[in-house]
Each structure stands twice: as structure tokens, then as C-alpha cells.
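J.: Sharing a structure here in C-alpha cells format.
Only the coordinates and a few stated rules stand behind these numbers; no lab work does. Since this is a predicted model, take the numbers as computed values, not measurements. Counting neighbours? That spans all protein chains shown, and the Cβs are built from the backbone with ideal geometry, glycine included.
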Amino acid sequence: MYFYEPSQGHGLPHDPLNAIVGPRPIGWISSQDAQGKRNLAPYSFFNCFNYRPPIIGFASSGWKDSVQNIMETKQFVWNLTTQDLAVAMNETSATLPHGEDEFVRAGLTAAPSHLVNAPRVAESPVNFECRLSQCIQLTSADGAAIDTWLVLGEVVGIHIAESLLEEGIYQTARAKPVLRAGGPSAYYTIDEAHRFDLIRPDARR
């Protein structure tokens, strides 16, 4: 077994942590500031953390525009990244001056949301409208503050393209979601051919 202590460095060509914890869904977060200037940015540290109420969250390394906007307005939207939108999503990762519009840079359409002021990516087949529930600065095990912020939001509205529903059941693979893997450039999607099913023990009783 290869062993290392992260505090001492990994000794490998590339940090394996985010390759091991992967692939991960992409937090493609749209927001706007108090003056209505839009922002759209992808975060690879993202997931869903609760069913009822539904809570999703993403972590930002550094206090970036997304975090600032969400703290100002208490609102944001998560947009599903699909294989067809992968290049556009990557474009929105560029470091731009505050107020420069990533929607415009990536050639995307900003659609109005129903319950929040933050815009949706119209081209995305799934959007979660969210209200801020918590913004937490992470700390190390010894209590030292880290310049990383965990933003959690309650999903208050969900948009789903009807083409992704079959007899009322969401078809995950049909959407071709893009998932972040390790290394500087690796992404994956999923295919129905790789699906397998397991029944939880409690459900077999």
C-alpha cells in the first residue's frame, strides 16, 4: 500500500485525493449580486446532503464572486452540466473581473427563475432554485481556519426537462451528466450499459 501524510506532501505527479473521491457531480452555480450583475461558475466539490428539505452544497476555495453574491442575496441556482454543455461549463471556469458576465462569455442563455432572483442556465435540462441555509468556513482538525467556504442551500424549486422523465421516473443516464475526475483535465459521463441494481437489506424484509 502506498502511504503518505497529506501535511507532508503526496510525493506523486498529481494529488490523488480528488481522483479517489470521484467522479464528482459538478456544482454549476449561477448567482447575481445585489446590483443584478450575473455570475456563473463550476465547482467540483459539490453534492446533495439532505432529502427533506432538500439541501445541496458546494465548497469554494477562497471567497469568490459566487460566495459573495450568495451572501448578499441569499439565493443561487444549481444547473446540471451535461455532456453537450461541458465545453460551455469549462469556459465559465475562467477567472474574470468582477461583473464580467460568464453567461455571455460561454454563449449561454440566462433564464428567469420562478422563486429566486438568480438566473438559470436555459440550456441546462435541470435547475435547482436555492435559498441560502448556511455558509460555513472550514477548519482543520486543530481548529485553524481554512480559506475554504461551504455554501449550503435549500432547494425551493426544481426544473426538469420532460424528456428526462419516463413514466414519472427521472432517467439519470439519459441526461448524460458530466462528472469531475482526477488530474488536470479528466471528466466522465455515465451510460445505462454500466448500470447495476442493488436492493437494500431493509427493503428485502
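J.: Among 177-185, 149-157, how do they line up by average Cβ neighbours within 10 Å per residue, starting with the highest?
T.: Result, highest mean Cβ count within 10 Å first: 149-157, 177-185.
J.: Continuing with this model, one more query. Which of Asp101, Asp84, Asp202 comes first, and how do the rest follow, when ranked by fewest Cβ neighbours within 10 Å?
T.: Numbers: Asp101 16, Asp84 13, Asp202 6.
Lowest to highest Cβ neighbour count: Asp202, Asp84, Asp101.
J.: Please arrange Met1, Met89, Met71 by how many other C-beta atoms lie within 10 Å of their C-beta, fewest to most. Can you show the working numbers first?
T.: Working: Met1 2, Met89 24, Met71 15.
Ranked by crowding around the Cβ, least crowded first: Met1, Met71, Met89.
J.: A further question on this structure: Classify the stretch 33-137: rounded, prolate or oblate, from the alpha-carbon gyration tensor (a ≥ b ≥ c, eigenvalue square roots; a/c under 1.5 rounded; otherwise prolate if a/b is larger than b/c)?
T.: It comes out rounded by the Cα gyration axes.
J.: Project the alpha carbons of the stretch 17-191 onto their principal axes and report the range along each, largest first, in whole Å.
T.: The Cα atoms of the stretch 17-191 stretch 49, 40, 34 Å along the principal axes, largest first.
J.: Charges only on Cβ, +1 for Lys and Arg, -1 for Asp and Glu: so what's the dipole of the chain about the Cα centre, in debye to the nearest 20? Provide the component values of the computation, followed by the final result.
T.: Numbers: 16 positive and 22 negative charges, 78 e Å.
For this selection, approximately 380 debye.
J.: Right, something else. Among residues other than Phe46 whose Cβ falls under 12 Å from its Cβ, what is the net charge (Lys/Arg +1, Asp/Glu -1)?
T.: Working: positive: Arg24, Arg180; negative: none.
Taking every Cβ under 12 Å from that of Phe46, the sum is +2.
J.: Something else now. Calculated from DSSP H runs of 4 or more alone, at -39500 (n - 2.57) each and per residue, what is the 222 nm mean residue ellipticity of the chain, nearest 500?
T.: The helix-only estimate for the chain comes to -2500 deg cm²/dmol at 222 nm.
J.: Looking at the square roots a ≥ b ≥ c of the eigenvalues of the Cα gyration tensor of the stretch 155-205, which shape do they give, rounded for a/c under 1.5, prolate if a/b is larger than b/c, or oblate?
T.: On the way: a/c = 1.85, a/b = 1.21, b/c = 1.53.
Because a/c hits 1.5 or more and a/b fails to exceed b/c, the stretch 155-205 counts as oblate.
J.: Can you list the aspartates and glutamates whose alpha carbon is less than 17 Å from that of Lys64, not counting same-chain residues fewer than 8 positions off?
T.: Asp33, Glu72, Glu91, Glu100, Asp101, Glu102, Asp147
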